[in-house]
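Right, one structure below, let's go through it.
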Amino acid sequence: MHTEFVMMGLLPDVADDLRIPIPTAGHLVSAYALGVVIGAPLLAAVTARMPRRRVLVGLMALFVVGNAVSAAAPDYHALLAARFVSGLPHGAFFGVGAVVATSLVGPERKARSVSLMFLGLTVANIVGVPVATAMGQQLGWRATFLAVSAIGLAAVAALVACVPADHGHGEPAAGLRRELRALTSLPVWLALGTTVAGFGALFAAYSYITPMLTGAAGYAETSVTVLLALFGVGATAGNLLGGRLADHSLRGTLFGGLTSLAAVLALYPVLMRTQWSAALAVLLLGMAAFTTGSPLQLMVMEKAAAAPSLASSANQAAFNLANAGGAWIGGLALATGFGAASPAVAGAGLAVLGLGVAAVAY
């Protein structure tokens, strides 16, 4: 369950219960993202030479603890700390998970294995987030975090049962130094920069999708939840399509996905003029953006072949930087007064920037 988006749906309930303003409650989302950015490279580096199944189980256990503590937090500051702790294992888990997923299949199916691992994130936007938000509204926000902890425990059991046992290799300090040296490579940083620009394009628009749909397309606020589920459908389809296409041509899928994303975002001012085309725009945004997910992950791992776990985890931190940076840039565009769809136009510019950075990286 994607707890970054779950918290967004629970902000009014949390703010009311803890007697804090909603903007202050918004810092709980930022605390989780900060935990991801710090924890992803740090935990991946520290655990670089440990058996990967043990690492995955340990990271998921930390996630379970963080969410359980969140459910029991007595006040805002305790909840803020708990959200930070919950975010720490997120990036490293998906980073190491991507390495494990690709190691379990042949080279011709690597991208598809990564896309299947990411499938839970996209499906969460269709089912998990709306259900979690409804649960929080009916049973209280603490019940939602307890449910997330329970799901985490089930994930621990699945990891133990399904991921083959492995063993650490080499001397830990030497392994850590080798992983850190690999991140000094310019192509690795260019690949990470492509992720920041590419997914920054998505979040520049997605962060302000509600005012676009209500202010430009004329939808009622009650319809937005259904439309966001439509985004999840597009994201799931794009994720699976991107994984399959990238196994045939990683470079072609990456450049094609970023080009499609730029085109869709550039058309938003036109697509947001009618309700049917606005719904289509939401679907296409999810599909175009997540077509690039697996190629971006594999690109970073390819550029840092000597440090796949650390680089893969660093890419998860890059996704979260894209979240924060894209939302900020989209907000600047909206503040200029050029219209409700202006964040999407700014996002199109970021997608073009991502194409440029990717071209240099290759």
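The values are calculated or read from the model by the stated rules, or taken from the named source; none is laboratory data. What you are looking at is a predicted structure, and each value in this text was computed from that prediction instead of being measured. Note that we place each Cβ from the backbone using ideal geometry, even for glycine, and neighbour counts take in every protein chain shown. These accessible areas exclude ligands, DNA and RNA; they are computed on the full protein's heavy atoms, side chains included. Shrake-Rupley method; radii C 1.70, N 1.55, O 1.52, S 1.80 Å.
If you check Leu88 against the conditions, is it closer than 17 Å to Leu28 by Cα, open to solvent by 20 Å² or more (accessible area, probe 1.4 Å) and of a type in the set (A, V, I, L, M)? Yes; evaluated as a whole, the condition is true for this residue. Filtering Ala235, Ala220 for residues that are among the aliphatic types (A, V, I, L, M) and within 16 Å of the chain's Cα centre (by Cα) leaves a single hit, Ala235. Is the range 28-36 home to any residue that is modelled with pLDDT of 85 or more, buried (at least 21 other Cβ atoms within 10 Å of the Cβ) and of a type in the set (Gly, Ala, Ser)? Among the residues of the range 28-36, at least one is modelled with pLDDT of 85 or more, buried (at least 21 other Cβ atoms within 10 Å of the Cβ) and of a type in the set (Gly, Ala, Ser), which makes the answer yes. Considered as a group, the residues in the range 125-170 that are modelled with pLDDT under 80 and in contact with a Phe, Trp or Tyr (Cβ under 7 Å, 6 or more places away or on another chain) include one that is surrounded by the fewest Cβ atoms within 10 Å (Cβ to Cβ), and that residue is Asn125. Scanning the range 304-313 for residues that are open to solvent by less than 10 Å² (accessible area, probe 1.4 Å) and either in a helix (DSSP H, G or I) or charged (D, E, K, R) (or both) returns Ser309, Leu310, Ala311, Ser312, Ser313.
Against the numbered list (1) more than 14 Å from the chain's Cα centre (by Cα); (2) open to solvent by 30 Å² or more (accessible area, probe 1.4 Å); (3) not basic (Lys, Arg), Phe290 comes up short only at (1).
Kindly provide the set of residues from the range 233-247 that are out of contact with any Pro (no Cβ under 7 Å at 6 or more places or on another chain) and open to solvent by less than 10 Å² (accessible area, probe 1.4 Å), ordered by number. It would help to see each step written out before you state the result.
Taking the range 233-247 first, the residues out of contact with any Pro (no Cβ under 7 Å at 6 or more places or on another chain) are 233-241, 243-245, 247.
Passing the criteria: Gly234, Ala235, Gly238, Asn239, Gly243.
Residues of the range 199-222 that are surrounded by 15 or more Cβ atoms within 10 Å (Cβ to Cβ) and hydroxyl-bearing (Ser, Thr, Tyr): Tyr206, Ser207, Tyr208, Thr210, Thr214, Tyr219.
Do we have Ala324 as touching a helix residue (DSSP H, G or I) at 6+ places or on another chain (Cβ under 8 Å), closer than 18 Å to Ala346 by Cα and in a helix (DSSP H, G or I) here? Criteria met by Ala324.
Taking Val196, is it β-branched (Val, Ile, Thr), modelled with pLDDT of 90 or more and open to solvent by 50 Å² or more (accessible area, probe 1.4 Å)? Here the answer is yes, as Val196 does meet what is asked. Inside the range 267-281, residues that are open to solvent by 50 Å² or more (accessible area, probe 1.4 Å), touching a residue at least 24 places away in the same chain (Cβ under 8 Å) and touching a helix residue (DSSP H, G or I) at 6+ places or on another chain (Cβ under 8 Å) make up a count of 2. Within the range 248-266, not a single residue is open to solvent by less than 10 Å² (accessible area, probe 1.4 Å), touching a Lys or Arg at 6+ places or on another chain (Cβ under 8 Å) and either among the charged types (D, E, K, R) or closer than 22 Å to Phe94 by Cα (or both). All told, Leu284 falls short of being more than 30 Å from Leu34 (Cα to Cα), open to solvent by 10 Å² or more (accessible area, probe 1.4 Å) and aliphatic (A, V, I, L, M). Across the range 314-331, a minimum of one residue is classified as free of Cβ contacts under 8 Å to residues at least 60 places away in the same chain and either surrounded by fewer than 20 Cβ atoms within 10 Å (Cβ to Cβ) or out of contact with any Cys (no Cβ under 7 Å at 6 or more places or on another chain) (or both). The set of residues in the range 340-360 that are open to solvent by 10 Å² or more (accessible area, probe 1.4 Å) and either touching a Ser or Thr at 6+ places or on another chain (Cβ under 6 Å) or aromatic (Phe, Trp, Tyr) (or both) contains only Val357.
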